[in-house]
Structure formats: structure tokens, C-alpha cells
1. Just to be sure before I move on: is D500 assigned to a loop (DSSP other than H, G, I, E, B) and under 21 Å from D334 (Cα atoms) in the structure I sent?
2. Before we move on, is A401 out of contact with any Lys or Arg (no Cβ under 9 Å at 6 or more places or on another chain), assigned to a strand (DSSP E or B) and not charged (D, E, K, R)?
3. Identify, please: which residue in the range 214-240 is in contact with a Lys or Arg (Cβ under 7 Å, 6 or more places away or on another chain) and β-branched (V, I, T) and is, among those, surrounded by the most Cβ atoms within 10 Å (Cβ to Cβ)?
4. If A214 passes every condition in (1) touching a helix residue (DSSP H, G or I) at 6+ places or on another chain (Cβ under 8 Å); (2) not in a loop (DSSP other than H, G, I, E, B) but one, which one does it miss?
5. What about W264, is it out of contact with any Asp or Glu (no Cβ under 7 Å at 6 or more places or on another chain), within 30 Å of A366 (Cα to Cα) and of a type in the set (F, W, Y)?
6. Any residue at all in the range 484-503 that is in contact with a strand residue (DSSP E or B) (Cβ under 9 Å, 6 or more places away or on another chain) and within 20 Å of R409 (Cα to Cα)?
7. So for the range 451-465 (the condition being out of contact with any Lys or Arg (no Cβ under 8 Å at 6 or more places or on another chain), among the charged types (D, E, K, R) and either assigned to a loop (DSSP other than H, G, I, E, B) or at pLDDT 95 or above (or both)), does at least one residue qualify?
8. Does T67 count as assigned to a strand (DSSP E or B), among the hydroxyl-bearing types (S, T, Y) and within 15 Å of D257 (Cβ to Cβ)?
Amino acid sequence: MAVLITLALVIITGTVAHRVTTPQDQLRLIDPGELTVATAARGDWRVGGVTVHIDGEGLVITEGHRTVWASPAGESFVTGADGDVTWDEHRGYFWPDVRLATQWGDQSIDAVRADGASVTIGGRLSGAENDIGYTLTVSARSGGGAVTEIEADGVAVVGLASARSRGAGVHGLGAQFAEFDLDGRLIPIVTREQGVGRGLQPLTYLADVTNGGAGGTELMTYAAWSTFVTDDLRGLSLDPDRPESHAFAIADTRDGDSVGLQVWAPRLRAELTAADSPAELITAQQSGAARPGLADWTQHGAIIGLQGGTDVVRAHVAELTAAGTDVSAVWLQDWTGQRTTSFGDRLWWTWQHDQQRYPGWADLVADLRKQGIRTTTYVNPFLTDAAAKPGAPVRNLWAEARDAGYLVRTGSGDPYELDQGGFSASLVDLTNADARQWFAQVIAEEVLADGVDGFMADFAEGLPFDAVLADGDARLLHNRWPGLWAETVAEACRIAEKPDCVTWFRSGSLGMSQDAALFWTGDQLVGFGAQDGLESALRGTLSAGVSGWPLVHSDIGGYTSINAVVHDYVRPDDLLERWAEYAAFGMVMRTHEGNRPRANAQVYETAQSRASFARMTRVFAALAPYREVVLEQALRSGLPAIRHGWLVHPGTAAAQVDTQFFLGDAVLVAPVLTSGADSVDVTFPPGRWVHLITGDTYEGDRTVTVSAPLGTPAVFARVDDPRTAELRQSVQRALR
């Protein structure tokens with residue numbers, strides 16, 4: 001899994017011996033122009049509970065006392081252009097090169113028509129050569145707010161600019177790993193590999209020059225989609241049921257007075273919401289979405305990532321349980337076999353039990369189940385030719401899919417074989433209903449066989465933009481692919497008749513949470529950093545939470561470990577403990593050995609690591625009754641379980657801090673995000689706050705440096721909250 005790069009570097013006199021060109025995003029935007037409004041088009045129109053107001057400055061949509069949406073004053077807010085986007089692709093990384101031809105940046109509003117169900121605004125978009133017609137239709141949205149549809153004649157890209165108060169924060173756009181406030185950025189909306197280093201030097205530089213841009217940037221993510229909310233308490237989300245909503249887009253927050261969204265499609269349909277508080281805004285934006293539940297067995301201990309075969313797994317489970325670890329499941333990603341590549345230990349993507357590595361597999365799963373421990377594994381939407389695998393499995397799924405026409409194809413009609421760094425693989429064509437059903441059946445029969453209760457559903461960000469599909473255009477389906485993968489996985493769980501099947505995803509698309517409950521933040525580096533470590537996992541969780549992913553967790557200890565010669569990136573001594581402290585106050589606690597297990601510290605490795613990890617698993621298990629309430633709220637309302645202070649205490653200093661979070665609305669957690677630190681700065685909201693472990697109390701509405709030695713994470717609740725006494729008792733019992 002993870003980023004497919006090689007950093008076997010040859011350093012000669014301080015320089016890299018071999019260097020390749022580093023690709024970059026080439027983003028170009030339509031220049032907005034002037035807005036003119038005909039006198040006859042000015043006035044007020046009502047549709048449902050929504051009022052559409054047009055004057056010489058532009059368009060404002062209100063609902064009761066709230067402004068649901070407004071155009072930037074006096075400027076064009078609908079634009080269009082002709083042109084194209086070409087893509088540079090390398091092992092799951094995609095870099096767009098945007099070329100604009102004719103631009104239509106000036107806008108007129110000429111006429112308005114209302115029919116009781118909608119208000120339709122008509123006008124012209126003008127450019128240097130000619131002008132074209134457009135329509136903008138406004139209707140009431142079920143659940144509150146409004147829906148607007150924009151269509152322009154003969155454009156390749158359509159733009160919509162939304163007003164905001166000067167400098168009002170912008171949040172969301174998927175699982176973004178920059179600051180929670182995305183103001184001041186040009187953000188490509190494309191799912192892709194997120195990179196290694198992402199600005200951390202020298203790793204990012206080395207990954208770039210040796211692997212064509214694999215270092216990544218702060219705006220690269222496995223999960224990007226066109227939805228955002230602002231500090232003005234307004235939200236915009238493209239309609240997930242429209243194919244064009246999944247098109248490549250560019251969000252522009254550089255102008256402090258607006259948020260621009262330019263979508264590479266001739267039309268867009270956006271849902272517009274407003275509320276009186278951030279939490280109400282997220283609930284309003286997510287209203288109407290059905291969300292699957294999360295099996296109860298995930299809540300009573302950690303999911304332990306292990307590899308190495310039957311005897312190794314049995315031994316590590318025995319060591320951990322003897323140390324007092326609460327184990328809910330094992331996660332055995334190498335169940336299908338393991339191969340070694342230049343990046344580290346990789347898996348055989350043949351999706352059948354490797355009998356040599358795991359003899360007595362069914363007995364292992366059954367024996368663990370008797371101990372109350374579930375078994376989970378791994379699968380992704382790729383297939384690789386099983387003929388190359390030593391001790392080849394009974395079925396060659398790649399050959400079956402090839403012969404049935406179930407694989408994504410090239411322009412010449414051949415299976416699209418994608419370089420995975422040491423081997424090639426092909427995607428199952430998830431637009432082919434027969435292929436999707438076949439693969440769901442394969443997963444049910446092979447992956448979920450013998451009592452397995454779930455799996456990591458990896459990848460799904462790698463569909464090439466030039467792929468040939470059974471149904472549809474890859475340019476509109478690239479960002480949609482994670483959602484199709486989630487539908488396939490959900491169908492596999494239904495076929496297997498496993499209602500408590502648990503699957504988790506790193507790649508995401510708009511509306512995907514209707515088929516998937518649990519997500520993770522991808523493949524962080526084995527470090528603490530904000531660019532690509534523990535802090536970045538927190539950032540991605542907070543951003544994803546306001547974008548429609550209510551349940552997000554991360555790999556405890558990170559995943560990516562690289563020996564870059566100039567520096568060997570392995571887990572610092574305290575990273576596993578600090579990451580476990582962070583995860584103990586999340587919704588799911590899951591470890592990962594990483595891509596270089598033998599080079600990195602593991603939770604089962606020493607008596608000390610087992611003891612410290614066991615303590616945090618007991619804390620996690622003790623909080624299950626509280627998390628049950630948080631989970632119910634998340635599934636019902638769409639509010640994230642892990643919340644930024646902006647959601648819980650808006651208007652306070654705590655609402656401006658990205659390095660702490662709330663589990664639900666009662667528990668405040670300030671994780672240690674620096675190696676070697678034994679204290680952490682905590683910004684308390686108003687009120688008096690009590691440390692759930694030490695019992696120390698702190699006055700709110702201020703920032704305090706709190707002692708946080710290893711094993712004593714900084715976690716608090718309000719003194720006057722009726723849940724606090726029970727939370728304190730639960731945590732302290734777990735730590736005895």
C-alpha cells in the first residue's frame with residue numbers, strides 16, 4: 001500500500017547522481033470581469049422559504065434572517081471558458097496542466113422568470129471574441145437552504161464565486177492537511193497520492209528529484225471534493241448525484257472577500273446552506289444523507305496490525321493480551337502473501353489466502369474469535385497477474401477479469417497495466433455493473449471467508465484520466481472512483497451476509513459516506529510533523545470532519561519509513577506512545593507496522609512498549625459508553641466525532657487552534673505533537689476545566705502550559721458538565 005516511491009539514493013559529493021524533472025500543478029483560472037444588471041431584472045422573488053434578491057450589486061439568497069448565499073458585490077459571479085486539462089501521471093500522482101482558450105469573464109443579468117417551483121435567471125457571459133448565454137436556477141432545498149443550477153452554452157469549465165466577509169475562514173474541501181482555515185490558497189480538487197514529506201526537508205526534495213514529484217505538497221490528498229463551509233456560517237456542496245459534480249475543480253480562496261470554484265464541466269448544481277452556529281451548519285449541509293453504522297466490536301479495544309504468518313500472529317497476540325491490552329481485532333494485511341520491493345514490504349494483490357504464510361488460517365481466525373478478537377484483512381480495487389506469485393493461488397483473478405472484459409482499458413483496448421513500483425496491476429472497471437458484481441462476489445468469497453469480519457479497503461485514487469471505461473468518461477469519474485469502490489465493498493459485505501463487517505477507506509469522493517462509515521487519513525510519515533506526521537493526521541481528520549466524513553482515524557505510529565541515506569526516517573522512541581495517546585481519545589484505535597516493520601518500533605516489541613500501549617487501550621475501551629453517544633450523533637446528524645474547537649466553542653480562542661480537538665462536545669484533548677516534549681499548550685474555552693487523569697483544574701478562556709509526561713495525555717472536561725464525573729472515573733479506573 002501507500003506511496004509507491006524508491007529512495008535508494010546515490011549521493012556523490014553532496015549531490016544527487018540522478019535527477020528527473022519534478023512535475024507541478026499548472027493551475028489557471030478564468031479572470032472575473034464586470035457585472036451588469038438590467039433594471040427589469042432587479043427585485044425580489046420567493047420560492048419555498050427562500051427569497052432571491054437581485055440589485056445592481058448582484059444576487060443574494062436569503063432564508064428567514066439568514067443569508068444563504070451572496071455574490072461578490074459588483075463583480076461577475078458566473079464565468080466560463082473553453083480549454084482543456086492534460087495530466088502528468090506517475091504511480092498514483094496526478095498533476096494537472098490547465099489550458100484556457102476563450103474566456104467569458106464579464107456577466108450580465110438580463111431577465112428573471114419565476115414559476116413557483118424555481119427562479120430562473122438568464123443572461124450573457126462576454127469575452128474578447130463573443131458572448132454566450134447562461135442560466136442560473138434557484139430552488140428551495142429539502143432540509144433548508146437553496147439549490148442553484150448553472151449551465152452555460154458550449155463551455156468546458158464553469159465558475160461560481162461566493163461572497164464571504166473579509167478574511168472569513170474557509171474549511172473543508174475534503175481531507176485537507178493544511179491549516180483548518182484554508183484562506184489564501186489555490187486548491188486543486190483531485191484525488192491522488194498525498195506524497196512523502198509534503199514539504200519536510202530534505203525528504204520532500206529527495207523524493208521529488210528521484211521519483212518525479214513524489215514528495216508532494218500540503219494540498220495533495222487522497223480525498224478531495226467540492227464542498228466547503230465558511231466562518232460566515234454558509235456552506236456550499238456540489239450535488240453528489242450529478243456526474244459533473246465529481247469533475248476536476250479548482251477552489252480559489254486567495255481573494256479574502258470570496259471563494260471561487262471552477263469546475264471542469266459545462267454545468268454545476270450546488271446545494272447552499274446556512275445556520276446560526278458551525279455545528280448547525282454541518283448538520284444542515286449533511287442533512288438527508290444515510291450513513292451506515294459502525295460495529296460495536298470496534299469500540300472495546302485496539303485493532304492490532306500484525307504480519308508474518310500464523311505463529312507470529314499468535315505469539316504477538318499472546319504477548320499483548322498478557323500485558324493487559326484490550327484487543328478487539330487483529331488486522332492481517334499480509335493474509336494474501338507478501339513481496340519485497342525497493343519501497344519495503346508490499347502485498348500480493350491476488351486476493352486469496354496465502355497457505356504457505358498462514359497455514360491453519362481458519363483455525364487461527366476461529367481461535368482468535370473464541371478470545372473475543374475479530375480478524376480483519378486487506379483488499380484494494382487492483383488485480384495483479386497471479387502467475388508470477390510463488391505458490392500461485394488457485395484462481396488468477398486478473399486473468400479471469402481480463403478474459404471477461406472486466407478491467408479498465410487503454411485506448412487500444414488492452415488492460416490498462418499501471419506501474420506500482422516493482423510490479424504492475426490493473427483496475428477492475430467499476431463502471432461495468434457485471435464487473436462490479438463479480439468483484440463484490442470475489443471479495444465476499446475470498447476476502448471475507450473463514451470468519452473474517454472486515455478489511456482495509458485501500459487505494460481508489462489511481463484511475464487514469466485517459467482510461468477507457470465501460471460506462472462514462474474517466475475525466476468525470478476519476479474523483480468518483482472512491483465512491484464506486486465503496487459501493488462495491490458495501491455490496492460484498494451484503495453478499496457475505498456480514499452486518500457487522502467493518503471496512504475503512506483512505507480515498508474519498510463526494511457523497512461516499514452514504515456507503516462507507518469509517519475512514520483513515522492515509523499514509524503519514526513515521527514522525528510528529530505538521531507536513532506529514534502525527535500533526536498532519538489531526539489536521540486531515542478535522543478538515544474531513546466538516547466535509548462529510550464523520551468517523552476518521554489514523555495509523556498509530558504512521559506508515560511511511562524511508563532510508564534517504566542523508567537521514568533514515570524511522571519512528572522516534574516516543575512516537576508510538578504519543579500516537580496511541582492521541583488515538584485512545586478517538587473513535588477507532590488501530591496500529592500499523594508500517595512499510596519497514598523491522599526498522600521501526602512496534603507496540604508489541606518490548607515489555608515497556610506493551611505496557612504503555614496496554615494502558616491506552618484500556619482507556620479507549622473505558623470510554624466506549626461515551627463514544628456510543630458521540631457515534632449516534634455522528635451517524636444521525638453528520639457532525640464529526642472528532643471536532644475542531646470552531647464546532648464546539650465558536651467565537652472563543654479555542655476556535656482558532658488546530659493542535660487540539662474535542663471528542664464529541666465534552667472531552668477536550670491536546671495531544672503532544674513534538675518529540676521529547678513533556679508538556680503541551682492548551683487553549684481552554686470559557687469555564688473551569690478538570691484534567692481527567694490528574695484531577696487538576698484550570699480556569700478557562702486562556703492558554704496554559706500543561707504537564708504531559710508520557711502516559712499522561714492532556715485531556716479535560718468542564719467541571720460543571722454532568723458527564724465529567726463519570727468520564728473521570730472511567731479514565732482513572734482504566735489507568736489503575
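1. no
2. Details: out of contact with any Lys or Arg (no Cβ under 9 Å at 6 or more places or on another chain): yes; assigned to a strand (DSSP E or B): no; not charged (D, E, K, R): yes.
Criteria not met by A401.
3. Out of the qualifying residues, it is T230.
4. In the conditions (1) touching a helix residue (DSSP H, G or I) at 6+ places or on another chain (Cβ under 8 Å); (2) not in a loop (DSSP other than H, G, I, E, B), A214 misses (2) alone.
5. Values: out of contact with any Asp or Glu (no Cβ under 7 Å at 6 or more places or on another chain): yes; within 30 Å of A366 (Cα to Cα): no; of a type in the set (F, W, Y): yes.
Criteria not met by W264.
6. Within the range 484-503, the first condition is being in contact with a strand residue (DSSP E or B) (Cβ under 9 Å, 6 or more places away or on another chain), and the residues that meet it are 485-486, 488-490, 492-493, 498, 500-503.
Now drop any that are not within 20 Å of R409 (Cα to Cα), which leaves 485, 488.
Yes, that holds for at least one residue.
7. The answer is no; no qualifying residue exists.
8. Numbers: assigned to a strand (DSSP E or B): yes; among the hydroxyl-bearing types (S, T, Y): yes; within 15 Å of D257 (Cβ to Cβ): yes.
Taking the combined requirement at face value, the residue satisfies it.
The values are calculated or read from the model by the stated rules, or taken from the named source; none is laboratory data. Note that the structure is a prediction, hence the values are computed from the model and not measured. Here Cβ is always computed from backbone atoms with ideal geometry, including for glycine, and neighbour counts include all displayed protein chains.
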